[in-house]
Amino acid sequence: MKSTTTFRFMEMKDIDQILLIERSSFTVPWSREAFYNELIHNQYARYLVMEDEGQIIGYCGLWIVIDEAHITNIALLPEYRGQGLGTELLRKTMTEAKELGANTMTLEVRVSNHVAQSLYRKLGFENGGIRKNYYSDNQEDALVMWVRL
């Protein structure tokens, strides 16, 4: 991790930068309204941003429901991928989830996204099942993964 990389919770002023990351990362990116609603109306939502010299380079969304954490999305700007920063972002998110009372964490990942699956397995996630036709853009299945925190 770069010495200039820092973490903090997402604020309303961050949405524009988050949308740039979203659009460069996902075939069906979340909208401005979706992030607004997560920050303002979803009592379970926490979003962690990763900054490098003041620029948001990645983020991870998290819902904490009782003692379970659910990763909603995690992404880095393309030019920051492949440097171990995604691992650091997920590790930090796992630590935050544990501090917020979560005992387990879950997420869905495209069955074709072997790079992400490898990252998750490296941090202890295990396969938990398949959600058929989960992704709306191409009806691809999602692999559900779990880890005990």
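Every read-out reported here was derived from the displayed coordinates using simple, explicitly stated rules and does not represent laboratory data. Keep in mind that what you see is a predicted model, and the values were worked out from it rather than measured. Cβ placement follows ideal geometry from the backbone for every residue including glycine, while neighbour counts extend to all protein chains displayed.
See the values below:
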read-out: Length-normalised contact order for the chain - Cα pairs under 8 Å, 6+ apart - percent; value: 19
read-out: Sites residue 137 and residue 67, calculated FRET efficiency, Cβ-Cβ separation with R0 30 Å, nearest 0.05; value: 0.40
read-out: Cleavage-rule hits (trypsin sites (Lys or Arg not before Pro)) in region 65-130: DSSP loop, at most 16 neighbouring Cβ within 10 angstrom; value: 81
read-out: Identified option (computed mean projected area of the Cα convex hull in nm²; candidates [x] 8.4; [y] 11.8; [z] 11.0); value: [x]
